[in-house]
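A short write-up of the structure that comes next.
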Amino acid sequence: MHALTYERRDLEREGLGKSGVDLVIAHDGIHHLYHLEAVFDAVRDALRPGGVFHLREFVGADRFQWPDRQVSEMTAWLQSVPERFRITPSGQVRTAAG
């Protein structure tokens, strides 16, 4: 069994350090950053070889107008994430994308 440490960071102010991170998730926040190159360099430097940078940002013609196939695929991915990481600020467990 592997230990999991979950941290929320402000990448522009705190960075990540060079710590051999396995996974970095950026969820709908990268478009707010000004120094993208520096942030992406910091993520690259922090990831261990084979580590994953999961970047989720809105890309599309109309906000929240997702085709059914995309909603289905994102829901499948979301459900693969442990439930404890899908709890919303209101305490609900998120079960579907969209």
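Read-outs: derived from the displayed coordinates by stated rules, not from any lab. These numbers come from a predicted model, not from an experiment. Ideal geometry is used to build each Cβ from the backbone, glycine not excepted, and the neighbour counts take in all protein chains shown.
With a Förster radius of 25 Å applied to the beta-carbon distance between ARG44 and THR5, the computed FRET efficiency rounds to 0.80.
What the Cα atoms of the stretch 1-95 give is an Rg and a Dmax of 15.1, 42 Å. Under 5 Å between amide hydrogens, built in the peptide plane, is the criterion, and for ALA97 it picks out THR75 among residues at least 5 positions away or on other chains.
Annotation: amide H-H contacts under 5 Å for ALA26 (H modelled 1.01 Å from N, sequence separation of 5 or more, or interchain): HIS54, LEU55, ARG56. Other residues whose C-beta falls under 15 angstrom from the C-beta of GLY20 contribute a net charge of 0, scoring Lys and Arg +1 and Asp and Glu -1. Computed over the chain with a Gaussian network model linking Cα atoms closer than 10 Å, the most mobile of LEU78, LEU23, LEU36 is LEU78.
With the cut-off at under 16 Å, measuring from each backbone N in the stretch 21-38 to a point 7 Å along the Cα-to-Cβ line of GLU73 picks out no residue. Applying 1/(1 + (r/R0)^6) with r as the Cβ-Cβ distance of HIS54 and SER90 and R0 = 30 angstrom yields a FRET efficiency of 0.80. Computed per residue of the chain from DSSP H runs no shorter than four, each worth -39500 (n - 2.57), the mean residue ellipticity at 222 nm is -7500 deg cm²/dmol.
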